[in-house]
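Note sheet for the following structure.
The values are calculated or read from the model by the stated rules, or taken from the named source; none is laboratory data. From a predicted model like this one, the values you see are computed outputs, not experimental measurements. With ideal geometry, Cβ positions are generated from the backbone for all residues, glycine too; neighbour counts draw on all protein chains shown.
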Amino acid sequence: METKKPKVSIIMLNYNTEDYTIQALESMKGTDYDNYEIILVDNGSNENSIKKLKKSLGKYKKVIYKEISPNRGVGGGFKAGVPEASNPDYILFINNDIKITQNNWLNTFIETAKNNVGIVGCKLLYPDGTLQHAGGKINFLKPHFTMHIGIHDNPEKEIYNKVIDVDYVTGAAMLIKTEIIKQLNGFEDLFLPMYYEDSDFCIRAKKLGYTIKYTHRVRIIHFESPTTKKATSAYFTYVTTKNKILFLLLNMPLKYIPIRTIYEFFSMIKWVLRGQGKSYFKAVLWNIKNLNLIIKKRNERKELHMGFVAN
């Protein structure tokens, strides 16, 4: 008797980028893994985007459609999709600005997620074929402490063509055991609207004892952030700085405070010289105003282990 394959619920968000969403759904039609569903959450789009999207959905039989408003950010949008899932073994968070290039992609994801593997990411490629990243490492001693592995490199190099343990994978495509999402209640809400919520989630999963894997056997084209490209430079500076500081306050071991303080001083100077000082200080102020809540959440987490500091 054939063993039933694990159920996978794919959650995808749309926010005024319906052309990307339709392209992503179209690229999934050849998927040779049967036991899956797609939960498409419209995250507060305008009427024209919703109308165009809904007009196309009849072609995709596995899609469950849900609308939420106003926009809840990345983490909130994914959380809204989770209750719609039909008792899955795994949930795959995936961006809508992607293109699937292999029919066996989902089966390969599942094959990698065995034993105590909690989260699996894949080889993400830019449209020109260069490597976007192969998972990531966290090193609080570095100015850029979350480091994508292999960015803009040749994806065919041997180092990127093996299954390896990583510190995080990004929400562009991350397969997660459903039990972890239940234990952690999804992404941290404070990372509204986006950025760092995926790497923070991976850190918390590792604290529970799960491993995080990158697999080279799944290759996905990622067009990368069409929504954020529409954002103003000032807003982008505010959001990324706010969530970078938040990530550090939630996760960084206290012994790294001196070196991080030096890094932040130079970061402040950089943004001021670029004319983005107002956005930078607004981000700092947000973290100060919410410091009591951040400390409370930090205290609920176990102390980070040295495994997050690169050799």
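What is the number of the single condition among (1) surrounded by 15 or more Cβ atoms within 10 Å (Cβ to Cβ); (2) within 24 Å of Asp19 (Cβ to Cβ) that Ile181 does not meet?
Condition (2) is where Ile181 drops out.
Conditions first: (1) in contact (Cβ under 8 Å) with a residue 40 or more places away in the chain; (2) over 27 Å from Lys114 (Cβ atoms). Val218 passes all but one, so which condition is the exception?
(2)
Quick one: which residue in Phe187, Phe191 is over 11 Å from the mean Cα position of the chain (by Cα) and crowded, with 21+ Cβ neighbours inside 10 Å?
Values: Phe187 fails: over 11 Å from the mean Cα position of the chain (by Cα).
Phe191 is the lone residue from the list that is over 11 Å from the mean Cα position of the chain (by Cα) and crowded, with 21+ Cβ neighbours inside 10 Å.
Looking at (1) buried (at least 20 other Cβ atoms within 10 Å of the Cβ); (2) without any contact (Cβ under 8 Å) to a residue 40 or more places away in the chain, can you tell me which one Lys206 breaks?
Among (1) buried (at least 20 other Cβ atoms within 10 Å of the Cβ); (2) without any contact (Cβ under 8 Å) to a residue 40 or more places away in the chain, the lone unmet condition for Lys206 is (2).
Which one of Ile110, Ile151, Ile164 is surrounded by fewer than 18 Cβ atoms within 10 Å (Cβ to Cβ), over 17 Å from the mean Cα position of the chain (by Cα) and among the β-branched types (Val, Ile, Thr)?
Ile164
Run down Asp34, Asp42 and say which single residue is at pLDDT 95 or above and of a type in the set (D, E, K, R).
Asp42
Please identify the pairs in which a residue from segment 234-249 that is farther than 15 Å from Asp189 by Cα has its Cβ atom under 6 Å from the Cβ atom of a residue that is of a type in the set (Phe, Trp, Tyr) and in a helix (DSSP H, G or I), counting only partners at least 6 apart or on another chain.
What qualifies is Thr241/Tyr280.
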